[in-house]
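To start, the structure under review is shown below, and the notes come after it.
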Amino acid sequence: MRVAFGFRAFANSPTSPPLDSPNLSFATKTDRSEKFRKNSNLAFSAATSSSLKQLDSTFMQCSSVDTTQPSPKLGKRWMEYQGSNNWECLLDPLDHTLRSEILRYGQFVEAAYRSFDFDPMSPTYATCRFPRNSLLTRSGFEQTGYRVTKNLRATCGVQMPRWIGGVPSWMSTQSSWIGYVAICQDKEEIARLGRRDVVIAFRGTITCLEWVENLRATLTEVPDYVGPKSGGPMVERGFLSLYTSRTATSSSLQDMIRREISKIIELYGDEPLSLTITGHSLGAALAILSAYDITATFAKAPMVTVVSFGGPRVGNRSLGCQLDKSGTRILRIVNSDDPIPKVPGFVFEDGDDVESTKNVHVANLPRWILKCVEDRQWVYADMGQELRLSSKESPYLNKSNLATCHDLKTYLHLVNGFVSSKCPFNEMMA
């Protein structure tokens, strides 16, 4: 059974409250939230809407610690915080500086949501509401030190079935704004980070056809892979379609990213440089695909790190092996009460040896089901290092609602309060 993606897309609007770095401050403006709810293009059940309002109310009550303190300086340890040692000894207990960096990258994803035009009645539906030069500021994040250099669009490779007639035009939107590329330009921030950082940020599922792509859960071969076809890297068909599809008027997301990264390497390739790709839900899946494509395309690619929030599984173990060989580091932030990181598929590849693609662990399933799953290309694998959180540990959250558990605000709230596996949530920190 495939679980749909993208609760966060409806839960958080372009009017969602700012999240101050390095710690969160959940200050909600009720009049702006109400405006968004009137413009939302998809309806929730009464229970879900009530849960989301409760989530906003909860965060109003959760005052953060003092955000006037300067951000931690990474300096010469920047590669360590980008995952060069797979975040060894930094995740449990969670290092304060790493927490600050995770929250900071979460803000870039939040900016992608806030910048999206959700209003289906608007002639600019599914585009970015703000110009590039003011996107971060107008979405509530001032003084980041970054400048947006490229808007990114994703195109669905599927179309609304012909037998569905009379649907509003917004339901058949094929190409939409999915995120952006931003480059750190501030000298003080570059000095703090220890290098020039490039961020690619992706939002989660919003449009109807993106939901359709999410449901195409079988694995397919990665294009242009040079190597044995048997046991090669494979990715979810729908995610790959969103990454590579194009129209007569819109380039593919893949082409846009390749062109922008080529320019960045040409401009800044001679200085310390990092590429951090971050996203939530569907955006987390696209982040992993982008990382694979960049490292496979550019021989002189900078260090690539993926910071994903509530992302689904993306591909098979061979894909993870190729990413690991390329030096890509993946940090998956997972809420154990969120179903999205547990899909697609019922099975997953297990074992400590990332090179192994033959041993498949299936919990309590007979061999004939395993054979069926393998034949239909449903064998996925989790990738990278995991930071596991739980909504149940926070006294402020509704544990029974899936939308709440998958919401990006929930993830940032839990990161802010997480100390260690022995102290999974500290109310004084959140």
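Laboratory data are not the source of any read-out in this text; all were calculated from the coordinates shown. Predicted model, so just to flag it, every value in this text is computed and none were measured. When we count neighbours, we look across all protein chains shown, and the Cβ atoms used for this are built from the backbone with ideal geometry, even at glycine.
A few comments on the model shown:
- For the stretch 130-284, the equivalent ellipsoid derived from the Cα gyration tensor has semi-axes of 31, 22, 13 Å, listed largest first.
- Karplus-derived 3J(HN,Hα) values for the stretch 90-99, using 6.51 cos²θ - 1.76 cosθ + 1.60 with θ = phi - 60°, are 10, 9, 9, x, 6, 4, 4, 5, 5, 4 Hz; glycine and proline are entered as x.
- For the stretch 66-182, the extents of the C-alpha atoms along the principal axes are 57, 29, 25 Å, listed from largest to smallest.
- Size descriptors for the stretch 258-347, from the alpha-carbon set: Rg then Dmax equal 14.0, 45 Å.
- Where GluC sites (Glu not before Pro) fall in DSSP loop in the stretch 75-155, at most 11 other Cβ within 10 Å: 88, 142
- Across the stretch 387-426, the convex hull enclosing all Cα atoms gives 63 Å³ per residue.
- Proximity of backbone amide H atoms, modeled 1.01 Å from N, is registered between residue 146 and 185 at under 5 Å, excluding neighbours fewer than 5 places apart on the same chain.
- Ordering of 304-311, 184-191 by packing [mean C-beta count within 10 Å, highest first]: 304-311, 184-191
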